[in-house]
1. Starting from the Cα of LYS323, draw a straight line to each of the aspartates and glutamates and keep only those under 20 Å, dropping any in the same chain fewer than 8 residues away.
2. Given contacts defined as C-alpha pairs under 8 Å and at least six residues apart, what's the relative contact order of segment 421-500, whole-number percent?
3. For the chain, what does the helix formula give at 222 nm: sum of -39500 (n - 2.57) over DSSP H segments with n ≥ 4, over the residue count, nearest 500 deg cm²/dmol?
4. In a solvent-free Debye calculation with one equal scatterer on each Cα, what is log10 I(q)/I(0) for the chain at q = 0.07, 0.08, 0.11 Å⁻¹, listed in the order of the q values?
5. Identify, among MET236, HIS343, GLY401, the residue whose Cα sits farthest towards the positive end of the charge dipole of the chain, taking +1 on the Cβ of Lys and Arg and -1 on the Cβ of Asp and Glu, with the dipole about the Cα centre.
6. Out of all DSSP beta bridges in segment 22-407, what portion is antiparallel? Express it as a percent rounded to 5.
7. Placing +1 on the Cβ of each Lys and Arg and -1 on the Cβ of each Asp and Glu in the chain, which of VAL155, MET45, PHE294 has its Cα farthest towards the positive end of the resulting dipole?
8. Which pairs, out of LYS55/LYS348; LYS293/LYS448; LYS119/LYS170; LYS234/LYS276; LYS234/LYS293, put more than 22 Å between their alpha-carbon atoms?
Amino acid sequence: MKRTGIILLLLATFCVHAQKKPNIVIIISDDHAYQTISAYGSKLMNTPNIDRIAKEGVLFNKAFVTNSICGPSRAVILTGKYSHKNGFKDNENSVFDGNQNSFIKELTRSGYNTAWIGKWHLESIPQGFSYYNILQGQGWYYNSDFITEKEGKHVKMGYVTNVVEEEVEKWLDERDTTKPFCLIIGHKNTHRVWIPDFRDMGEFDDREFPLPPTFYDDYKGREAAKIQEMSIDKDMILGYDLKVWDDKEAEDRDGSVKRMTPEQRAQYDAYYDKIKRDFHSKNLSGRALAEWKFQRYMKDYLATARSLDRNIGRTLNYLDIHKLNENTLVIYISDQGFYMGEHGWFDKRFMYEESFKTAFLMRYPGVIKPGTVSETFVMNLDIGPTVLDAAGVKIPGDMQGRSLLPLFKNKFRRDAVFYHYYEKGEHNVSPHFGIRTKRYKLIRFYDKVNSWELYDLKKDKWEINNLYGNKKYSRKIAGLKHKLKNLIIEYDDQDAMKIFEMPIP
Ligand code: SGN
Ligand code: CA
């Protein structure tokens, strides 16, 4: 009798646990540089809410993307597959094929309530979600267009990050509470053209930011870096990017500006008109002009990051108030890294650390020890498998990422990461692929520039000393090429294989 009682009790406990599938919240920001997150050691600003995820969970210090650009990164997250497998290789011609499988479809099929709210940027309409409420295209900072199944395309007034958070909370309030949920929140911040919420405008105006050591990089020995068009000095536009227009009519025609209500426009002008006057009084040129642009860029960018962090705080707070934090896996990831003046750049795309590495944090009470800092190689590719693992759903065999949950039992290893970037247009970054190991990075540029680059990350953390062609490294290069080839085979990237085997003309 006694034994049967215990067995029944155990069985009942097991059932309660088995039913208690975790909720999942994945927050994906846009172009949010780890160099600006205090949990990553940034001195540029404080990000208390992202830092909270680090304190209560894990900070991945070696998280990488497979293809450093928005749409492709989101497609990788959804499918758990590299761009050449999910078909969304670039932001130029790709349209996401929503008929293919995704971790969301697997979750919806297994009884989860699933939603994507905010920036989506995959061209086609989301498939397999219980609900979607997405920004049209890149969205706008003020009064952005949203698309839902019921309302189609419509404007939502206000600052986009706040609006997305309000929509998130509305959905959470009204959701079917008999089901576990998986919610993806897509924030537009901190994407170009960095227009802050009014309450954050000017927050950093009294700060003078140090120039990164490579701000005046001469790109010696790096052909692809020489031809890029993402330099703060040459390519960042005074009017469009930094809001110091000298032509009032051009300003009125600007996409972001003309969406504003007269009241919003007045607040915007009150702030930027002063900056314009100050700029024109200075008559800057050469390095002084480049540095002035850098300072303005930093100030606006960081101000948009403040709003991002604040709204992440609101999401976490919602989970607290509704007693959801114990049973919810929270993930924060930026779709890729971003240059904050390193090499003189803004934007992303390159396999160099600032854009290849991304901010990635995770909180999962009971599974992840609070305050964990991980140096293991992880990727955006792993999110789908990780979430499915947490939800107790079988990970489809053709997903190329891996669940990260074994990492918290010291049962996860990855020695190298494979990268492949395809886009050829805006910012003129040559397509390339490569491998990163703990110490080295080997890159093969093709199409616009045909060259190899090798970096010893231990000796050269800024990646300015291309060692390819240096005889001392011949054996190292042969070894890395062998490893790269193995990864190309493992991930079945046939385009990369063709180029890999082609001698450089
Ligand atoms: C836009 C931006 C680019 C940016 C891409 C990709 N130009 O085209 O600067 O690199 O998006 O960004 S803009 O003038 O339209 O702002 S991503 O976040 O979608 O990958
Ligand atoms: Ca992006």
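1. Cα-Cα hits under 20 Å: GLU56, GLU165, GLU166, GLU167, GLU169, ASP173, GLU174, ASP176.
2. Numbers: 97 pairs, mean separation 15.3, N = 80.
Once divided by the residue count of segment 421-500, the mean separation gives 19 percent.
3. On the way: 15 runs with 173 residues, N = 505.
So the helix-based figure for the chain works out to -10500 deg cm²/dmol.
4. Each listed q maps to, in turn, -0.39, -0.50, -0.95.
5. Going by the charge dipole, the pick is GLY401.
6. Details: 17 of 44 bridges.
Antiparallel: roughly 40 percent of the beta bridges in segment 22-407.
7. It is MET45.
8. On the way: LYS55/LYS348 28 Å; LYS293/LYS448 28 Å; LYS119/LYS170 17 Å; LYS234/LYS276 19 Å; LYS234/LYS293 10 Å.
In this structure, LYS55/LYS348; LYS293/LYS448 exceed 22 Å between Cα atoms.
Readers should treat all values here as calculations from the given coordinates under stated rules, not as data from a laboratory. Just so you know, these numbers come straight off a predicted model, no measurement behind them. Note: ideal-geometry Cβ built from the backbone for every residue, glycine included; neighbour counts use all protein chains shown.
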